[in-house]
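S.K.: One structure is given below, represented as C-alpha cells, and several questions about it will come after.
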Amino acid sequence: MNAPCPSVTCLTLDDLVARLRASVRSSERRSDKICRDAAASLAPSLQDPTWLPAALMIADPRGYRRELLHEEDDGAFSIGCFVWAPGQATPIHDHRCWGVAGVLVGALREESFVSDLRGVLEKTGPDAILRAGDIGAVEPAPGDAGGLAATALGDIHRVGAATDGVSVSIHVYGTRFAEVCGTRYAAPVVASPPGWRYGARRMSAVAERWRPYF
Ligand SMILES: [Fe+2]
C-alpha cells in the first residue's frame with residue numbers, strides 16, 4: 001500500500017490530518033472503502049519517521065505505549081502512535097470501528113482469528129509480518145459498526161513486536177481513541193497446530209469490554 005510522498009510537507013501530523021479529513025469524510029459509508037481511503041492517506045506518512053517527535057519513539061518496558069496524536073472534535077476519527085519493545089503484544093481483541101495501522105519503524109506480527117458461537121477461536125492462517133511502510137486494516141465487530149455497513153466479522157486479532165529493536169506504528173481509527181476496541185478475548189489455552197485451532201474463553205465483563213487497547 002505504499003504511495004510516493006509528493007513533497008516533504010506531507011511528513012507532518014497536520015498534513016496527515018488534512019489528508020484523512022479529505023478522504024475519510026467523503027468516503028462511502030462502507031467500512032472496507034473507508035479503510036482503503038484511510039490507508040491511502042496514511043501511506044505517505046510512513047515513508048520517513050522524522051516527523052514524529054523522538055520522545056514518542058521510546059518504548060516503555062512495562063508494556064506497549066498508546067499515545068494520542070489527534071482526535072477530531074466530533075470523534076469521526078483519531079490518530080494514535082504505538083510503541084513496542086521486543087516481546088510486547090496486545091491481548092486478542094476485536095474492534096468497535098474501522099481502523100488502519102501502518103508501521104513507521106521496525107516490524108509487527110499480526111495473528112488473526114475467527115470465533116465460533118461458543119467463543120472458541122480458530123487461527124485463520126500463518127502470522128502476517130508488517131514491516132515499515134506496510135499497512136493493516138480492521139473492520140467493526142458485528143453490532144459495533146456505528147451505522148456503517150461492516151463487511152468483515154470483526155477482525156479478531158493480536159498484534160505484537162516482531163523485531164529485536166523498538167517498533168513504532170501509526171493508527172487511525174473511526175472513533176474516539178478511548179473507544180476503539182470492543183471485546184477482549186482470554187489468551188488461548190489449548191493449541192493444536194495441525195488445525196490452527198486454539199481454545200479461548202470470550203470475556204464479557206464490562207470493565208474488560210471497554211478497556212482501550214490496540
Ligand atoms: Fe486491534
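S.K.: Can you list residues from other chains, or at least 5 along the same chain, whose modelled amide H is less than 5 Å from the amide H of Gln88?
M.R.: For Gln88, whose amide H was placed from the backbone, the distant partners under 5 Å are Ala161.
S.K.: Please give the length that would be gained between Asp127 and Glu67 if that part of the chain were fully extended, namely 0.36 nm times their separation in residues minus their C-alpha to C-alpha distance (nm, one decimal). The partial results should precede the final answer.
M.R.: Details: separation 60, 0.36 × 60 = 21.60 nm, distance 2.55 nm.
Result for the pair: 19.0 nm of gain on full extension.
S.K.: Then there's this: Let me spell out the model: positive unit charges on the Cβ of Lys and Arg, negative unit charges on the Cβ of Asp and Glu, origin at the Cα centre of the range 26-90. What dipole size does that give, in debye rounded to 20? It would help to have the intermediate numbers written out before the result.
M.R.: Details: 7 positive and 10 negative charges, 61 e Å.
Approximately 300 debye in magnitude.
S.K.: Here is a further query. Evaluate the distance, in nm, between pseudo-label points positioned 7 Å from the Cα of Thr163 and of Asp60 along their respective Cα→Cβ axes.
M.R.: 2.2
S.K.: Taking square-rooted eigenvalues a ≥ b ≥ c of the alpha carbon gyration tensor, is the range 57-130 rounded, prolate or oblate, where a/c under 1.5 means rounded and, failing that, a/b exceeding b/c means prolate? Walk me through the numbers before you get to the answer.
M.R.: Numbers: a/c = 2.06, a/b = 1.26, b/c = 1.64.
Oblate, because a/c is 1.5 or more while a/b does not exceed b/c.
S.K.: Contour minus end-to-end for Asp74 and Ser26, with contour as 0.36 nm per residue of separation and end-to-end as the Cα-Cα distance?
M.R.: Length difference between fully extended and current span is 15.8 nm.
S.K.: Could you let me know the centre-to-centre spacing of the range 26-42 and the range 63-127, using Cα atoms, in angstrom?
M.R.: With the range 26-42 and the range 63-127 each reduced to a Cα centre, they are spaced 17 Å.
S.K.: Going by average Cβ neighbours within 10 Å, how do the peptides 77-86, 61-70, 42-51, 91-100 rank, with the highest at the top?
M.R.: 91-100, 77-86, 42-51, 61-70
Laboratory data are not the source of any read-out in this text; all were calculated from the coordinates shown. What you see is a predicted model; the values in this text were computed from it and never measured. FYI the Cβ positions are ideal-geometry reconstructions off the backbone, even for glycines, and counts take in every protein chain you see.
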